[in-house]
Amino acid sequence: MNKIKKMIKNERGMTLIELLAVIVIIAIIALIAIPAIGNIINNSHDKAIISSAANIMEGAKLARTDGACTAACTKENLADYVEGEDGVYSVAYSDGVYTVTYDKLSTIKGKKLAEFKGDSITSEKIREAMKK
């Protein structure tokens, strides 16, 4: 019984050096993780914008097929074909290429999809962006 009491009595907490080492390790992990998480959030945001542009383009294809619009489709023409998309958008069709003008394209933040930032995007560029 005395041996157990001595072992418990000799038990000590962490030293200051050990505590500092743990804090430094946690700080290093945080320095690595925070930018990585930020990049993931930006990429998700950018992909959502490109996906919205693709949905608008697909709605325009349906509207053209139904005769709701011809060479150019406005947001009003696409109201029955595109749901849940806010912002200002329109679609033009010329020589087999759709061009989506969408105000949210200018809010692309990440480096991965930075080349698609602007006011409009073509159907070919949408396909290219979705592959990234």
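The values are calculated or read from the model by the stated rules, or taken from the named source; none is laboratory data. What you are looking at is a predicted structure, and each value in this text was computed from that prediction instead of being measured. Backbone-built Cβ (ideal geometry, glycine too); neighbour counts: all protein chains shown.
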Residues that are hydrophobic (A, V, I, L, M, F, W, C), touching a residue at least 24 places away in the same chain (Cβ under 8 Å) and over 21 Å from LEU62 (Cβ atoms), drawn from region 106-128 = ILE108, LEU113, PHE116
Consider only pairs whose beta carbons are under 8 Å apart and that are at least six residues apart or on different chains; among these, list those whose first residue lies in region 17-35 and is farther than 24 Å from GLY110 by Cα and whose second residue is of a type in the set (A, V, I, L, M, F, W, C).
-> VAL22/MET14
Within region 40-68, residues free of Cβ contacts under 8 Å to residues at least 12 places away in the same chain and among the β-branched types (Val, Ile, Thr) come out as ILE40, ILE41, THR65
Region 62-80 - residue that is among the aliphatic types (A, V, I, L, M), touching a strand residue (DSSP E or B) at 6+ places or on another chain (Cβ under 8 Å) and at pLDDT 90 or above and, of those, surrounded by the fewest Cβ atoms within 10 Å (Cβ to Cβ) = ALA72
